[in-house]
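Participant: My questions will all concern the structure given below.
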């Protein structure tokens with residue numbers, strides 16, 4: 001029986017990582033599911049759902065020649081997972097400010113207490129080495145409604161120099 | 001008034017260009033009626049186009065009045081519609097009855113002027129803004145074999161210019 005695995009791969013970015021990894025998986029009889037792949041700080045990172053008939057050890061073995069040749073760190077977890085169960089986000093939160101420790105912790109703690117379920121979080125450090133800025137975008141579900149999140153966000157960012165805004169995501173179904 | 005079966009991607013009929021309606025007759029009004037029944041049977045559905053039920057004719061219905069606090073024209077039947085004017089592009093989130101379990105960001109005009117006939121053959125013109133304008137553009141795309149997944153833009157909003165090294 002085929003099972004779902006979460007495959008995590010990280011390594012110095014270089015051309016061909018996705019092509020080599022996905023070819024090895026395809027030739028090994030795997031089926032791919034949802035994925036997140038991104039270059040972070042010069043590393044290429046992959047989080048990938050893989051459906052596979054064997055066990056974790058067999059999946060490591062199947063990938064070993066590719067991960068060795070591309071110097072990728074690999075981690076495999078068997079997971080309980082289903083496709084076709086997307087939750088639809090109803091709120092988008094944008095946060096930015098001069099980079100300093102604690103922005104994510106303060107903002108997300110306040111939002112969690114006000115009923116936010118995070119579905120997707122992307123953050124980046126822009127600006128320059130001398131004046132870095134932190135930028136974060138969160139999509140989620142406001143379980144306790146948008147006003148509660150707005151109030152929590154305002155309280156968490158007041159007098160901090162962090163700019164935050166919150167807006168509803170109205171998904172059109174046509 | 002049956003609820004019609006909605007085609008889902010990758011049904012090839014969703015990628016075809018629909019033909020103009022020749023006459024606004026009883027058969028068309030039956031189609032419009034069935035389309036409306038089908039649209040209202042879908043939770044949250046604010047529009048439907050004839051190709052979504054396998055009828056390759058240029059006929060759509062849009063009704064965004066279930067959304068609170070927005071400008072709208074109520075139920076709009078748009079036969080052989082043409083958009084005369086587009087203004088103010090913006091990104092918004094869309095889903096589709098023909099593409100279940102997926103939503104994505106699409107760039108659309110915030111303000112449009114559309115001319116069409118209604119199901120009785122009367123020429124009409126609407127100026128739509130915001131959510132309603134988005135819904136009209138989404139439905140009209142179906143008449144040209146375009147789905148919102150053909151128009152996806154990145155979910156990552158570029159708030160600052162990327163510095164290119166080298």
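Participant: For peptide B:90-97, compute the average count of partner chain beta-carbon atoms within 10 Å of each residue's beta-carbon.
Facilitator: 4
Participant: For the stretch B:1-153, what is the Kirkwood hydrodynamic radius in Å, using each pair of distinct C-alpha atoms?
Facilitator: Hydrodynamic radius (Kirkwood, Cα only) of the stretch B:1-153 equals 15.3 Å.
Participant: Further question: Relative to the longest principal axis of chain B, what angle (0 to 90°, nearest 10) does the C-alpha long axis of helix B:130-143 take?
Facilitator: It works out to around 70 degrees.
Participant: How would the stretch A:22-173 be classified by its alpha-carbon gyration tensor: rounded, prolate or oblate, with rounded meaning a/c under 1.5 and the a/b versus b/c comparison settling the rest?
Facilitator: oblate
Participant: Under the definition of partner shielding as Cβ atoms of other protein chains within 10 Å of a residue Cβ, what is the mean value for peptide A:84-96?
Facilitator: Other-chain Cβ atoms within 10 Å of each residue's Cβ, averaged: 2.
Participant: Oh, and also: Given contacts defined as C-alpha pairs under 8 Å and at least six residues apart, what's the relative contact order of the stretch B:7-87, whole-number percent?
Facilitator: 27 percent
Participant: Please order A:169, A:118 by the number of other Cβ within 10 Å, starting at the fewest.
Facilitator: Fewest-to-most ranking of A:169, A:118: A:118, A:169.
Participant: Treat the count of other C-beta atoms within 10 Å as a stand-in for reagent exposure and order B:37, A:108 from fewest to most.
Facilitator: Ranking B:37, A:108 by Cβ neighbours within 10 Å, fewest first, gives B:37, A:108.
Participant: Quickly work out the residue B:15-to-residue A:1 label distance, labels modelled 7 Å from Cα along the C-beta direction, and quote it in nm with one decimal.
Facilitator: In this crude label model, residue A:1 to residue B:15 measures out at 3.6 nm.
Participant: Hey, could you pull the Cα Rg and Dmax for the stretch B:86-142, both in Å?
Facilitator: Cα only, the stretch B:86-142: 12.8, 37 Å (Rg, Dmax).
Participant: Angle between the Cα long axis of helix A:146-157 and the longest principal axis of chain A, 0 to 90 degrees, nearest 10?
Facilitator: The helix A:146-157 is inclined about 80 degrees to chain A.
Participant: What is the spin-label model distance, in nm, from residue B:89 to residue A:121 if the labels are put 7 Å beyond Cα along the C-beta direction?
Facilitator: Placing both labels 7 Å along Cα→Cβ, they lie 3.2 nm apart.
Participant: Helix B:26-41: angle to the longest alpha-carbon principal axis of chain B, degrees 0 to 90, nearest 10?
Facilitator: Once rounded, the angle reads 50 degrees.
Participant: Over all residues in B:57-64, what is the mean tally of Cβ atoms on other chains that come within 10 Å of each residue's Cβ?
Facilitator: Partner Cβ neighbours, averaged per residue: 1.
Participant: Further question on the same structure: Report the rotationally averaged projected area of the protein assembly as shown based on its alpha-carbon convex hull, in square nanometres.
Facilitator: Spelled out: convex hull of the Cα atoms, projected over all directions, averaged, 21.7 nm².
Participant: To continue, here is another question. Cut-off is 10 Å between beta-carbons; in what order do A:27, A:113 appear when sorted fewest neighbours first?
Facilitator: A:27, A:113
Participant: Based on DSSP, what percent of beta bridges with both residues in the protein assembly as shown are antiparallel, to the nearest 5?
Facilitator: 95 percent
Participant: Can you divide the C-alpha Rg of the stretch A:46-112 by 2.2 N^0.38 Å and report the result to two decimal places?
Facilitator: It is 1.72.
Participant: For residue A:84 and residue A:43, what does the FRET efficiency come to when R0 = 41 Å and r is the distance between their Cβ atoms, rounded to the nearest 0.05?
Facilitator: 0.85
Participant: Here is a follow-up. Under 17 Å from a point 7 Å along the Cα-to-Cβ line of residue A:58: which residues of the stretch A:71-101 have their amide N that close?
Facilitator: Hits in the stretch A:71-101 for residue A:58 at 17 Å: A:76-79.
Participant: Could you calculate the FRET efficiency of residue B:118 with residue A:151 from 1/(1 + (r/R0)^6), where r is the beta carbon distance between them and R0 is 45 Å, rounded to 0.05?
Facilitator: That gives a FRET efficiency of 0.50.
Participant: Can you tell me which of B:84-92, A:70-78, A:49-57 comes out highest on packing, and rank the rest after it, using the mean Cβ neighbours within 10 Å?
Facilitator: Put in order of decreasing packing, that is A:49-57, A:70-78, B:84-92.
Participant: When the helix-only estimate is applied to the protein assembly as shown (DSSP H runs of n ≥ 4, each -39,500 (n - 2.57), divided by the residue count), what is the mean residue ellipticity at 222 nm, nearest 500 deg cm²/dmol?
Facilitator: So the helix-based figure for the protein assembly as shown works out to -7500 deg cm²/dmol.
Participant: While we're on this one: Which FRET efficiency, nearest 0.05, do residue A:10 and residue B:41 yield, Cβ-Cβ r, R0 56 Å?
Facilitator: 0.75
Each value in this text was obtained by applying a stated rule to the coordinates, not by laboratory testing. Just so you know, these numbers come straight off a predicted model, no measurement behind them. Glycine also receives a Cβ, built like all others from the backbone with ideal geometry; neighbour counts cover every protein chain displayed.
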